[in-house]
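Below you'll find the structure, written out as structure tokens, and then a few comments.
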Amino acid sequence: MATTHAAPAGWWFRRPSIIPGFGLTFGFAVTYLALIVLIPLSGLVIRSADLGLAEFWRLASDPRTIAALRVSFGTAFVAAAINVVFGVVVAWVLVRYRFPGRRLVDALVDLPFALPTAVAGIALASLYAPNGWIGAPAAALGLKIAFTPLGIVIALVFVGLPFVVRTVQPVMEEIDREVEEAAATLGASRLATLARVLLPGLAPAILTGFALALARGVGEYGSVIFIAGNIPYVSEIAPLLVVIRLEEFNTAAATAIGAMMLAIAFALLFLINLLQAWSRRRYGHG
Amino acid sequence: MDLRIKNVRKDFDLTPALHDVSLDIASGELVALVGPSGSGKTTLLRLIAGLEQPNAGTVYFGQDDASRLSVQDRQVGFVFQHYALFKHMTVLQNVGFGLTVRPRGKRPTAREINERARSLIELVQLAGFEDRYPSQLSGGQRQRVALARAMAIEPKVLLLDEPFGALDAQVRKDLRRWLRELHDVTGHTTVFVTHDQEEAMELADRVVVMSRGRIEQVGAPDAIYDTPASAFVHRFIGESVELPVYIEGGMIRLDGIAIPLSAADEPDGPAALVFRPYDVAIDEVDRATYPGIAATVVASRWHGRGRRLELAVGAGGHSMEIDLPPDVAPPVDSTLSVWPTRWTLYRPSGASLSHPTPAAAASMVSPIQQMAVAQ
Amino acid sequence: MADLTVPSAPVIRSATTEAPATRIALVVAAFGFLSLFLFLPLVEVFLEALRNGPAAWLAAISEPDALAAIRLTLLVAAIAVPLNVVFGVAAAWAIAKFEFRGKAFLITLIDLPFSVSPVIAGLVYVILFGSGSLLGPWLKANGIEVLFAVPGIVLATVFVTFPFVARELIPLMQEQGSSEEEAALSLGASGWQTFWRVTLPNIRWGLLYGVLLCNARAMGEFGAVSVVSGHIRGLTNTMPLHIEILYNEYNFAASFAVASLLAGLALFTLLLKTLIELRFSGGLAPSRGH
């Protein structure tokens, strides 16, 4: 019997090699990845290395740069923290409760993924401006939102929300009702069950969502610049400073700021991967 | 603590899961709730625990009406089917959890909790595993952690939902014996749910057979096996052979041919003739001398302690399997005469049923006894 | 059974839910939060766009610069999306169907553009193709324009939308395994036949969703494109850049009119996503942050 297949002994064994196309797909994927992402990114790294340590340090320690990084990081941190609180509440409500319009709300949580940042930016700016729907009542209470760091936080909350919700939601859905019932039969009140059984189980997902929202917030540009006011040292974010330096044809300064932002992004990415690996090892899920 | 369940009814979305169920469980007893899926056994267990509320009826713990107590206050030790261990806590933390969440006044000190948890871990033979996480344990070990955790709160009753369902055969057998021994030592009133009748018969003091939201029969394993109260129990507990027969003028007919069993005083109509595979006699030499049921041997299998025959019987060729002692070995395709030595007739009305008394089982023609259905 | 009536079922909550008051408070908190941050901005876009009436809206989106921006945006998406679809399918095939060293690292690299600020994505191309770079003088000598021209915009868009399709397909194909492909191959199908007739039908909804997200982002990308475009009206202005210019000129109604088109696209994307999820719940990868 002529057969082109593997020997019978290997027949039941999962042998990836019988599926064709590895060379083609892997080769294409890696080449494309290198051309579009890796080579351009390493260009940034090489260019900032070319600056030399002293020059790099001079550019990086520029007070306006430091201030911009601090604004970006600080607002992103606050926004991510707000998103953790409300993102967990939103996820809980969506997973646990049934109410009219739940499907719609669930779909709209993805809006920040789908809505262009510039559109979100002008909408938030006009909403929270002193003459806007929300800005006006807030101004009457003496609270200025748009054109202050608070405005940046608002924009970053918008941008970061789905990261927290969509990271926490699937883990919440997998919570075994039996675990909650077990806690109840052991005498734990609902609050104790929440605080000591449910939240610790969700902690890795919540932390991951926080880190994702933070990473996105630090680099966010489009939705922020309209509402931020962009006052140097006060409400000027790091990505905007990169754009400003480029417009001044000061590529060196832009490169230095870009390299630092890239380093922050990689550190966060590393942290996220570490978190997920730890959670997988400890609890057997990601 | 003894348990009384009185006229409990439970509906899920208008479909009844339990109809008017009553059951008394004595203190220290080990009781099995057994039945196929959907029989209401897990619902009954959850009602006892307070995880569900009955639509009608009451659950008493001793003299107290437990229906007024929340789950938290009932102090039941519940072992879940999939153990429901807290993944982010170590074995020690899992076992101690029930004590650490007690209100401040009733809470033991951290040291007492630690000691109590450790002694329980030792009791379930997991000493040395205190600092492991559930994901680092085998199924049988998780099961024992769940049990220790449930016992830590000094439960009034211990409730186990399919305690061995998720384990492989060998571990299941060991744990079963171990659980029985543990029960004899600790003496907790224990109720467990299982769909495996063999497990229920081996482990329990008393077995509660359930079907479609009702209790079919309650009794010691032997009694349930030997005197099943309904066709359902007969089929569900142990192996049985069932033939569709018709009663006409006190004669039992299979496919129109009378068989040598009498059902005097029984009204005419269809019935099911049920018997155990080994409660049969055969005559393989001369059919004419003993007019049993005509049967052809389809297959014959040796299983070490005897022989199992697959037969085609009656004009309709009904398939049935019987067990024979080792020394009898009729060849395949040979014809036999077969008759049950101990049998029961069940009528489709279900309202009444008849069966030969054990004493009369040896005789061919047994009186039919009317019995009331157990409510 | 009148004598058996029990006192009406005691009011004891289920063990796994909150008190009604807590539940209502949580729903209200969630709704309030989402209204402030998601719903109101969305409504604002359409209200502002139609503030001066439908005629003004139509005029704003049909003036020549707006039309040029729409055309350019469509062109960029038409190039960037297919490129990333081919990459996404190839990468998912290599990763899901084969075991090889460094796979986890490759997945991390594919995710990289999600972690990089869009402004940095633009910056890297400025560094690569700018006048101060190695390539810059050569490009100039040969009359090839990358920066402040369409190729630069396409490259920056490809960079930021790079992971969308792959990210959607990798978990989906990993979950589906290879047994169906192995069966097809054992029945004599060629590699291409196996892909077109077995794999593709299995992943089509996930692929469609990946394409939708990729397209929404490609048409809406602002930061990266802003850095490399040069903002030449009628030539290198995409829709988001056009929105910015109009907004900065205080031409709010026109700005929101163009924005309403992109918001409509976003809503359409979400609608399709929801429909796919409702009808083919098994056909999408577990939802995950992007």
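Quick notes on this structure:
- With a Förster radius of 30 Å applied to the C-beta separation of B:LYS173 and B:GLN81, the computed FRET efficiency comes to 0.95.
- Buried solvent-accessible surface, both chains (C, A), 1.4 Å probe, Å² to nearest 100: 8400 Å²
- Carbon/sulfur fraction of accessible area - region C:54-283, other protein chains in place, 1.4 Å, %: 66 percent
- Note on chain B: with neighbouring protein chains present and a 1.4 Å probe, carbon and sulfur make up 50 percent of its accessible heavy-atom surface.
- Part-to-part distance (alpha-carbon centres) for region A:87-152 and region B:104-122, which is given in Å: 48 Å
- A run of chain C free of exposed loop cleavage sites, with GluC sites (Glu not before Pro) counted only in DSSP states other than H, G, I, E and B and at most 11 other beta carbons within 10 Å, reaches its longest extent at C:100-248.
- Shape of the protein assembly as shown, Cα gyration tensor, a/c cut at 1.5: prolate
- Note on region B:60-144: dipole from Cβ charges, positive end direction compared against B:ALA110, B:GLN141, B:LEU123; the farthest Cα belongs to B:ALA110.
- Per residue accessible area in Å² of the protein assembly as shown, where ligands, DNA and RNA are left out and the probe is 1.4 Å: 43 Å²
- Most mobile listed residue (A:GLY101, A:GLY229, A:GLY209) in chain A, GNM with C-alpha springs under 10 Å: A:GLY101
- Buried surface between chains B and A: roughly 2000 Å² of accessible area, summed over both sides, computed with a 1.4 Å probe on protein heavy atoms only.
- Over chain A: helical MRE at 222 nm, DSSP H runs n ≥ 4 each giving -39500 (n - 2.57), nearest 500: -23000 deg cm²/dmol
- Sulfur and carbon atoms: percent of accessible area, region A:36-283 [1.4 Å]: 70 percent
- For the protein assembly as shown: lysine pairs under 27 Å (alpha-carbon distance), excluding those fewer than 8 apart on one chain: 12
- Among C:LEU58, C:LEU109, C:LEU38, residue whose mean-square fluctuation peaks in a GNM of chain C (springs only between Cα atoms under 10 Å): C:LEU38
- Only Lys, Arg (+1) and Asp, Glu (-1) charged, at Cβ; region A:133-286 dipole about Cα centre in debye: 220 debye
- Gyration tensor over alpha-carbon atoms, chain C, equivalent ellipsoid semi-axes in Å: 42, 33, 18
- Farthest toward positive dipole pole in the protein assembly as shown [+1 Lys/Arg, -1 Asp/Glu at C-beta], among C:PHE280, A:THR208, B:LEU159: A:THR208
- Chain C: calculated mean residue ellipticity at 222 nm from DSSP helix runs of at least 4, using -39500 (n - 2.57): -22500 deg cm²/dmol
- Taken over chain B, the alpha-carbon convex hull comes to 170 cubic angstrom per residue.
- Note on chain A: GNM, Cα springs under 10 Å; of A:ALA211, A:ALA129, A:ALA34, the largest mean-square fluctuation is that of A:ALA34.
- Legend: calculated FRET efficiency, A:ARG70 to B:ARG118, from the Cβ-Cβ distance at R0 = 45 Å, rounded to 0.05, equals 0.35.
- Here the simple spin-label model places points 7 Å from the Cα toward Cβ, and for B:ASN7 and C:VAL43 these points are separated by 5.5 nm.
- Sum of side-chain charges, C:ARG233 neighbourhood, beta-carbon under 15 Å (Lys, Arg +1; Asp, Glu -1): -3
- Counted over region B:3-231, the DSSP beta bridges are approximately 50% antiparallel.
- Solvent-accessible surface, computed for protein heavy atoms with a probe of 1.4 Å, shrinks by 50 Å² or more for the following residues of region A:159-180 when the other protein chains are added to the isolated chain: A:ARG166, A:GLU178.
- Whether region A:36-283 is rounded, prolate or oblate, judged on the alpha carbon gyration tensor where a/c under 1.5 counts as rounded: oblate
- In region C:121-160, the residues that give up 20 Å² or more of accessible area when the other protein chains are added, compared with the chain on its own (1.4 Å probe), are C:LEU123, C:VAL124, C:TYR125, C:VAL126, C:ILE127, C:LEU128, C:GLY132, C:VAL158, C:PHE159.
- Where GluC sites (Glu not before Pro) in DSSP loops with at most 15 other Cβ within 10 Å are excluded, longest remaining stretch of chain A: A:1-173
- Whether region B:29-180 is rounded, prolate or oblate, judged on the alpha carbon gyration tensor where a/c under 1.5 counts as rounded: oblate
- Cα long-axis angle, helix C:252-279 against chain C (0 to 90 degrees, to the nearest 10): 50 degrees
- Helix B:139-152 vs. chain B, principal-axis angle (Cα, 0 to 90°, nearest 10): 60 degrees
- Between the helical axis of B:169-186 and the longest alpha-carbon principal axis of chain B there is an angle of about 60 degrees.
- Here is what passes the span test in chain A: the DSSP H helices with alpha carbon length of 24 Å or more along the helix axis and a Kyte-Doolittle mean of -0.5 or above are A:63-96, A:149-173, A:199-219, A:251-283.
- Simple label model, 7 Å out from Cα along Cβ direction - B:THR109 to C:LEU135, nm: 7.3 nm
- Residues of region C:230-247 buried by at least 30 Å² of accessible area upon assembly of all protein chains, compared with the chain on its own (1.4 Å probe): C:ILE243, C:GLU244, C:TYR247.
- Only Lys, Arg (+1) and Asp, Glu (-1) charged, at Cβ; chain A dipole about Cα centre in debye: 520 debye
- Once the Cβ-Cβ distance of A:GLU248 and C:ASN248 is raised to the sixth power relative to R0 = 25 Å, the FRET efficiency obtained is 0.85.
The values are calculated or read from the model by the stated rules, or taken from the named source; none is laboratory data. As the structure is a computational prediction, the values presented were derived from the model and not from experiment. Note that each Cβ is placed from the backbone with ideal geometry, even for glycine, and that neighbours are counted across all protein chains shown. Keep in mind that these areas ignore ligands, DNA and RNA; they rest on the heavy atoms of the full protein, side chains included. Shrake-Rupley method; radii C 1.70, N 1.55, O 1.52, S 1.80 Å.
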